[in-house]
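Take a look at the structure set out below.
Laboratory data are not the source of any read-out in this text; all were calculated from the coordinates shown. Small disclaimer: the values here were computed from a predicted structure and weren't measured. Backbone-built Cβ (ideal geometry, glycine too); neighbour counts: all protein chains shown.
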Amino acid sequence: VITLPQLLHYQASPGIFMERANTLGILDSQSGWLNQEAARTGLSQLEVLSDQFWQAALAFNATIDTGTSYGPFVPFLNFLFGLLAALGFILALFRLRQIRYSMLVVWITVTVVFAGALLDSPPNSHRFIIAMPAVSLLAALALNELLDALSGLSTSKGEPETLSLSGRTSVTHFLILLLITAAIALYDVSFYFGTYRSEHSFGDRNTEIADSVANYLNSLDGQWVAHFYGPPGMYIDFPTIPFLAGDFEQGVNLFDVPEDGAPAPGYELSNQSFMFLPERYNEIEQLRTLYPSGLEQTFSGYYAEPLFYVYEVRGSP
């Protein structure tokens, strides 16, 4: 359901499919990075390729994401999740003759090789996200085996596996496994909404401005027209703003103000908001003269202090 439309599109346009791979690929027929890196380090191409493979293969448990956007500075999985996934992968290797296990092994291996080892700077999280369902299933496989060992799993020939939880000990073991699953989830929740968020690894000044501008616009009551003194450093079509501030539409009630330009005319009777990046703050003097009753606000941020300014004018001047 998800991939078929893309596969049909790429089948009709194979050049589009290979364009990104040829840009990021390390082979001589692509970017030539493998040959250049071997010459730079004095290693053989096989040694460099081997290092690439292990960097990619250990992405879930040991190596650090090299992407410039996400930047958690930890492996893709926490320790317990990664341990279970590794155990599940080993179990699947021993059961390769069964297609349900071989599919998971192939799924992850293809991702590691083609989205990792054969591309520059592995591992990149956005290239590996496609393997996360398989990784999660392998971790679930390890948990299932643990449940089998502790609680007892009765299997009759030719019949599906069924759980037999017939004693206090079995129920206790089952609850322990539920606690393990909850511990994995709670650790990730605390990391992403605690440690990761507090370290501000994801984003930059413009991203923070866009998020704060969208939150500000959403806080306005009634009908407003907003003017953004951002160009050339930033424009109102920065994707975060139209995505989060759905009541404001560029060219309708949301406008860029060109550098050294003037706001869009014709809205003198509307509530108006004028938003200024710090580098264009000097232009606010014109508004103070035109609308002396306006209200000025300053918004602070992590990546810039101040982050941006707002001058609000309600109704007619």
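Go ahead and run the numbers for FRET between Leu93 and Thr207, Cβ-Cβ distance against an R0 of 45 Å, rounding to 0.05.
Working: r = 42 Å, r/R0 = 0.92.
E between Leu93 and Thr207, to the nearest 0.05, is 0.60.
Taking every eigenvalue of the Cα gyration tensor of the stretch 179-317, multiplying by 5 and rooting it, what semi-axes result, largest first, whole Å? Please list the in-between numbers first.
Working: eigenvalues 234, 51, 34 Å².
The three semi-axes for the stretch 179-317 are 34, 16, 13 Å.
How much space per residue, in cubic angstrom, does the convex hull of the C-alpha atoms of the stretch 32-150 take up? Display every interim value, and only then the final one.
Values: hull volume 13.6 nm³, N = 119.
Convex hull of Cα atoms, per residue: 114 Å³.
Stretch Val74-Thr289 to full length: gain in nm at 0.36 nm per residue minus the Cα-Cα span? Present the calculation step by step, with values, prior to reporting the outcome.
On the way: separation 215, 0.36 × 215 = 77.40 nm, distance 5.24 nm.
Gain on stretching Val74 to Thr289: 72.2 nm.
Taking R0 as 41 Å, what FRET efficiency do you get between Tyr281 and Tyr192 from their Cβ-Cβ distance, rounded to the nearest 0.05?
My answer for the efficiency is 0.75.
Suppose R0 equals 41 Å; then what is the FRET efficiency for Asp28 and Arg314 from their Cβ-Cβ distance, rounded to the nearest 0.05? All intermediate terms of the calculation are to be shown ahead of the outcome.
On the way: r = 65 Å, r/R0 = 1.58.
Calculated value: 0.05.
What order do you get for 245-257, 188-200, 278-290 when each peptide is scored by the mean count of other beta carbon atoms within 10 Å, highest first?
Put in order of decreasing packing, that is 245-257, 278-290, 188-200.
Using label points projected 7 Å from each Cα along Cα→Cβ, tell me how many nm separate Phe53 and Ala304, to one decimal.
4.7 nm
Among all helices in the chain defined by DSSP H, which have a length of 20 Å or more along the axis from Cα atoms plus a Kyte-Doolittle mean of at least -1.0?
Working: long enough: 79-94 (23 Å, 2.69); 132-151 (28 Å, 1.40); 168-190 (32 Å, 1.43); 205-219 (21 Å, -0.63).
Result, helices passing both filters: 79-94, 132-151, 168-190, 205-219.
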